[in-house]
Every structure is written in C-alpha cells, then in structure tokens.
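For reference, the structure is listed below as structure tokens.
The values are calculated or read from the model by the stated rules, or taken from the named source; none is laboratory data. Only a predicted model underlies this, so the values are computations on that prediction, with no experimental measurement involved. Every residue, glycine as well, gets a Cβ built from its backbone with ideal geometry; the counts of neighbours run over all protein chains shown. We work out accessible area using only protein heavy atoms, side chains counted, and drop any ligands, DNA or RNA first. Shrake-Rupley method; radii C 1.70, N 1.55, O 1.52, S 1.80 Å.
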Amino acid sequence: MGMMNAKQSRLINPVLTRVARGYKHPKSVGHLLFPDVPVPFRGGQIVQFGKESFKRYKTRLAEGGTRKSVTFGYDGDPYKLHKHALDAQVTEAQLEESAAAGVDIEVIAVQGVQDIIALDLEIEKAAIARNESNYETSHKTTLSGTSQWSDPTSTPKTQIKAARAAIRAATGFYPNVAILGAQVFEALDEHPAIMERTKYTSSDSVTEEMLAKLWQIEQVASAPAVYVDENGDFVDVWGKDVILAYVNLSTLKDRGSPSYGYNYQLQGRPVVKKSYFDPKTDSHMHPYEDICAAVLAAPGAGYLIRNAVA
C-alpha cells in the first residue's frame, strides 16, 4: 500500500483497501495490453515513442569533435485520469447473518463493486484496442469469407505472421501479447490447421498455451468478458477481433523502448474510503474509488485483426 500520513489513514479503511489492491478480476485481459503504471498527477502527457527511437546515429567521434545528444520517448497527447467510484453496501442483517456463518460479507461486497468497475474499465480498454482509426493501414486487416478463421480452409497463421512482421518492422520487437475474442478462441478449438499442429499433445482441446507456442507469442489470452447492452442483450466485450501487441512495462521508467499502452493510475489508488453507517437503509457503506485512464502509447506496437470469425 505504501506509506500513508496520519490524515490519509483516517480517511480510508486500511483493511478493505488492502483487499481492493490485491484483487484482480479473473475474466479481465485488458491489463495485458494496458498494464498499470502509477502516476502522481491526475493529468499530463502520454509518454509516446516514434521512429526516433530507431534512427541510426553515427556515434563514431573524432578527437575534439562535438557529441550529439539523443532522447528516448517524448511527451505526446494529453491524458486525463477519470474517477470510477461505487459504494459497497452491506445491510445490518447481512452483516449479522454472515458473521454467524463465518463469512466476511464486507470483503465480498467490496470485491463485487470491484467486479463492476473492472468490467467498465475492460470495456474502455477494448474500445481503444478495437478502434480501427488507432492503427496505420499496415497494422490492421479485416477478414471476410473464407479468410475468416471460422472457415475450415482459412490459415490463421498467415494473419499472425503478417501481424508479427508489421510490429517488428515498426518497433524492432515481435509481439508478446495476443488477445482473442472468446468466439475466436472457440473457433480455433475446432480449426483443422490448429488441430493438426497440436494433435500430438496430451490435451483434448486447444489451449492458450498451445497457441502461444504455435504462434511464437509469450502470452495468448482468450477474452470471455460480456456485458448487457441497453436492449438487454449480452455482448462480447472484445467482439470477434484479435489484437497483437508488444507491451513493455519498463518503458515509462527508462523511456528507452516503445510499448503498446499503459493504464495510468493515480498513486494511492484504488482505495476504500472510510466506511460509514447509513441509518436510512440500516447499512454499512464502503466507498470504493479508483482514478485511472488507459492510454495508447505506441500504436505501431499493435496490430488489429477485425472480424477474425464470422
């Protein structure tokens, strides 16, 4: 949690804050593209990376010559952190009954609030990653017909190889993360080309680890999250798309190499503020708060495959 001053410690619930900071929603994958980076301010400029990071400099220096200087990364587009907050409500009756059953209902309530906020943040991250306008023409493709991976004659590795090559050409690094919409992952489990390449494994079905090895990507993750839209229908957060990216969390610190994105998070967040009792509802209220924003730092470090399945 880090050190808190006396004033801060009086304004938060330290026990529930420790719970909040140690919890990750099991269905979220957005953090793989936008890893958390603590920042001291609610706004600033994104540390971005361009071709300057790969420009060749003639470093041989004659005796008495003047040295050139070089910087890595630059202050790009502005960002503004957004507050996400909900109260975790526990009624007096729930508290009494859970205590008798040996259940910590307050922890469950806080994690339930975190699940709701995590889904909202997942939707925001997916919206950035799936936005075609965020990518150069050479870093995106839309599949159709027999090229879609739901077609047994398609060749998924063809698109994966193209994506790997595009990211390496723009950054010098191959992608180390691939996010697959749930329907994409399900289609690959029955794809003849994938089954042929993995038939000698002990698993009865295709796994994320198998695809990672097959495609030479460190981490492949299926994205199962869904939400209910205004019509009451369930919608896949990550749709039918695939996003490949090179992600390097160290880049914000040393400004030395590009990374697809970050989740800028205000230092000291998330936090559960001081709990209070609401006599109108006979409830204990636990105000949860996070202040953060997902940002795209190096679009060239990513590749979007739209409509990978029909």
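Overview of values
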| read-out | value |
| --- | --- |
| Chain lengthening between PHE41 and ASP77 when straightened (0.36 nm per residue, less Cα-Cα) | 11.4 nm |
| ASP241, ASP87, ASP236, reordered so the largest accessible area comes first (probe 1.4 Å) | ASP87, ASP236, ASP241 |
| VAL15/LYS280 FRET efficiency (R0 25 Å; Cβ-Cβ; nearest 0.05) | 0.50 |
| Calculated FRET efficiency for the pair LYS24/ASP189, C-beta based, R₀ 35 Å, to 0.05 | 0.90 |
| Accessible area in the full protein assembly, largest first, 1.4 Å probe, for GLU63, GLU96, GLU122 | GLU63, GLU96, GLU122 |
| FRET efficiency, 1/(1 + (r/R0)^6) with R0 35 Å, evaluated for THR201 and ILE123 via beta carbons | 0.55 |
| Accessible area per residue in Å² at 1.4 Å probe, computed on the chain | 56 Å² |
| Candidate aspartates and glutamates for bridging to LYS213, where Cα separation is under 16 Å - those fewer than 8 sequence places away on the same chain excluded | ASP189, GLU196 |
| Residue-level accessible surface for ARG130, protein heavy atoms, 1.4 Å, Å² | 60 Å² |
| Most mobile of ARG42, ARG21, ARG197 in a GNM of the chain (Cα contacts under 10 Å) | ARG197 |
| ALA101-VAL235 pseudo-label distance in nm [points 7 Å out on the Cα-to-Cβ vector] | 3.4 nm |
| Heavy atoms of HIS82 accessible to a 1.4 Å probe, total area in Å² rounded to 10 | 90 Å² |
| Antiparallel %, DSSP beta bridges [both residues in the chain], to 5 | 75 percent |
| Neighbour net charge for ASP120 - beta-carbon separation under 14 angstrom, K R +1, D E -1 | -3 |
| Solvent-accessible area, 1.4 Å probe, carbon plus sulfur percent, for the chain | 51 percent |
| Residues of type aspartates and glutamates that LYS140 reaches as a straight line, Cα spacing below 18 Å, ignoring anything fewer than 8 places off in the same chain | GLU132, ASP241 |
| Sum of side-chain charges, ASP282 neighbourhood, beta-carbon under 14 Å (Lys, Arg +1; Asp, Glu -1) | -3 |
| Kirkwood Rh and Cα Rg combined as Rg over Rh, evaluated for the stretch 169-291 | 1.13 |
| Over 24 Å between alpha carbons, listed pairs LYS24/LYS273; LYS83/LYS273; LYS27/LYS157 | LYS27/LYS157 |
| Cα-Cα pairs of the chain separated by more than 27 Å (percent) | 53 percent |
| Karplus (6.51, -1.76, 1.60) ³J(HN,Hα), θ = phi - 60°, over the stretch 12-27, in Hz, Gly and Pro reported as x | 10, 9, x, 5, 6, 5, 4, 4, 4, 6, x, 10, 10, 5, x, 9 |
